[in-house]
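Asks: Shown below is the structure under consideration.
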Amino acid sequence: MEKTIRCPNCSKTTTCTGSPGETKKLTCPSCGAIGKVTFEDIKDSTSEPALVSLRNISKRYKDILAVDNVSFDIKQGEIFGYIGPNGAGKTTTIKIMVGLLNKTSGNLSINGYQMPEQKEHAHRFIGYMPQEVGFQKWRTTNHALTTFGKLSGMNNTSIQQRIDENLKLLNLTEYKHKKISKLSGGTIQKLGIVQALLHNPKLLILDEPLSGLDPESRYQVKKILKELSNNGTTVFFSSHILSDVEDVATKICILDWGHIVKIGSLDELKSEFLKENQIELILSKRSDKFNEIGKISGVQKIIEKSSQKILVNIEKTGDTDEIIHNIIKTLMENNCRIRSITPTEPSLDEVYQYYLRKGGVKQ
Ligand SMILES: Nc1ncnc2c1ncn2[C@@H]1O[C@H](COP(=O)(O)OP(=O)(O)OP(=O)(O)O)[C@@H](O)[C@H]1O
Ligand SMILES: [Mg+2]
């Protein structure tokens with residue numbers, strides 16, 4: 001980056017270049033005065049709104065094209081869900097993002113730093129949890145986490161403070177002095193999250209953080225991710241648990257065979273999928289008379305899910321309120337007692353299957 005400096009001695013301006021976060025010694029070309037100039041860590045948000053930017057990233061392992069021309073941006077505070085079948089290329093993308101693998105081609109920047117060239121700078125902002133959390137089994141929790149803290153360049157006092165804070169956050173305080181070999185798989189998985197959070201990173205990159213966790217722990221981790229995001233932390237995570245992605249992700253990217261099949265918010269992903277409006281009817285007592293609603297103008301299809309649960313597809317272009325009113329009227333006229341009537345939306349699971357079936361449509 002470039003910076004124009006006014007010399008405090010002679011007031012003449014001069015331009016110098018450096019990397020974000022770098023402090024340079026500078027000699028004024030006019031008067032020879034010597035000073036220091038620091039290049040800001042974070043680029044101006046108007047010039048670089050994306051915290052992470054991937055442009056045409058590809059990765060080839062010999063004859064396998066694991067990541068195929070992937071481009072996306074992640075903005076600060078976003079919770080970005082990265083989903084796709086086994087072998088789609090999620091972990092490969094993540095390893096490139098954290099600098100563990102070299103890309104074959106493309107451009108990647110994190111917080112303004114080019115990867116992998118400036119990964120030492122970028123690493124200060126990244127908290128990473130790998131798919132296989134690898135703590136040495138003979139260490140205690142505290143010992144293992146302290147080692148990670150030191151590797152992140154933290155001092156001993158803040159390491160202990162952050163270990164205590166984050167063990168408490170994930171309800172793991174009781175395991176602080178236990179050996180890793182004595183812990184359950186789910187507990188080790190959660191320790192992986194503690195380790196990623198240790199140096200208070202601006203960007204969390206988590207490879208399947210929710211796999212292997214019981215429902216309560218998943219709820220707890222999702223809550224933590226939302227709180228972190230509300231406080232400005234950016235979260236990128238991969239997962240196969242689509243209901244969890246649906247619960248927390250503000251942006252979702254579906255990857256298949258290394259390339260992006262679809263990317264957008266949940267609503268954006270659903271909008272193409274929704275070919276018609278659908279409502280769910282639950283009757284309090286079984287009655288075949290519900291079929292009468294098939295005669296109503298605007299009702300396209302009736303799907304009997306069970307004896308009392310019926311799905312009704314109505315025209316997308318029709319007057320939904322009028323059609324629902326007529327459905328209720330017709331049911332009442334036919335003595336069908338209604339327990340509930342609700343518009344239905346596809347789940348992320350249905351949307352995901354839809355885009356994968358459509359398959360291979362590159363964005
Ligand atoms: N070190 C490697 N050498 C060769 N091929 C590899 C290597 N690592 C991954 N692959 C291949 O690259 C492709 C993408 O793998 P990757 O691990 O990125 O997928 P994934 O989406 O994370 O899958 P999963 O959901 O199973 O974790 C797969 O075909 C895999 O076999
Ligand atoms: Mg993986």
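The values are calculated or read from the model by the stated rules, or taken from the named source; none is laboratory data. This structure is a prediction, so every number in the text was calculated from the model and none was measured. A quick note on method: Cβ atoms are made from the backbone with ideal geometry, for glycine too, and the neighbour counts reach across all protein chains shown.
Asks: Of E280, E315, E272, which residue is surrounded by fewer than 14 Cβ atoms within 10 Å (Cβ to Cβ) and among the acidic types (D, E)?
Replies: Answer to the check: E272.
Asks: Does I303 satisfy the condition of being loosely packed, with under 14 Cβ neighbours inside 10 Å and among the hydrophobic types (A, V, I, L, M, F, W, C)?
Replies: In short, yes.
Asks: Sort out which residues of the stretch 104-123 are surrounded by fewer than 16 Cβ atoms within 10 Å (Cβ to Cβ) and in contact (Cβ under 8 Å) with a residue 40 or more places away in the chain, and write them in order of number.
Replies: T104, S105, N107
Asks: Now for a different question. Could you give me the residue pairs with C-beta distances under 9 Å whose first residue belongs to the stretch 88-103 and is assigned by TED's automatic domain parsing to the domain that holds Q131 and under 11 Å from P130 (Cα atoms), whose second residue is within 8 Å of ligand 2 (Cβ to nearest atom) and modelled with pLDDT of 95 or more wherever it lies, and which are 6+ apart or on separate chains?
Replies: T91/D207; T91/E208; T91/S238; I94/D207; I94/S238; K95/D207; L100/I94
Asks: Please determine whether any residue of the stretch 93-110 is within 16 Å of ligand 2 (Cβ to nearest atom), part of a helix (DSSP H, G or I), over 30 Å from K182 (Cβ atoms) and polar (S, T, N, Q).
Replies: yes
Asks: Among the listed residues G264, G258, identify the single one that is among the small types (G, A, S), within 16 Å of ligand 1 (Cβ to nearest atom) and within 36 Å of the chain's Cα centre (by Cα).
Replies: Testing whether each residue is among the small types (G, A, S), within 16 Å of ligand 1 (Cβ to nearest atom) and within 36 Å of the chain's Cα centre (by Cα) leaves just G258.
Asks: Also: All but one of (1) modelled with pLDDT of 95 or more; (2) more than 16 Å from ligand 2 (Cβ to nearest atom); (3) within 12 Å of the chain's Cα centre (by Cα) hold for L54; which doesn't?
Replies: (3)
Asks: So which residues in the stretch 87-132 are within 16 Å of ligand 1 (Cβ to nearest atom), basic (K, R) and farther than 19 Å from I254 by Cα?
Replies: Across the stretch 87-132, the qualifying residue is only K103.
Asks: Another question, then. Of all the residues that make up the stretch 64-84, how many are assigned to a loop (DSSP other than H, G, I, E, B) and modelled with pLDDT of 95 or more?
Replies: 2
Asks: A further question follows. Consider the stretch 210-239. How many of its residues are more than 17 Å from S265 (Cα to Cα) and part of a loop (DSSP other than H, G, I, E, B)?
Replies: Qualifying residue count for the region: 8.
Asks: Mind checking which residues of the stretch 151-191 are surrounded by 12 or more Cβ atoms within 10 Å (Cβ to Cβ), basic (K, R) and out of contact with any His (no Cβ under 8 Å at 6 or more places or on another chain)?
Replies: Within the stretch 151-191, K168, K176, K178, K179, K190 qualify.
Asks: Filter the stretch 201-235 down to residues that are in contact with an Asp or Glu (Cβ under 8 Å, 6 or more places away or on another chain) and not β-branched (V, I, T) and give me whichever is surrounded by the most Cβ atoms within 10 Å (Cβ to Cβ).
Replies: For the stretch 201-235, the residue satisfying everything is L210.
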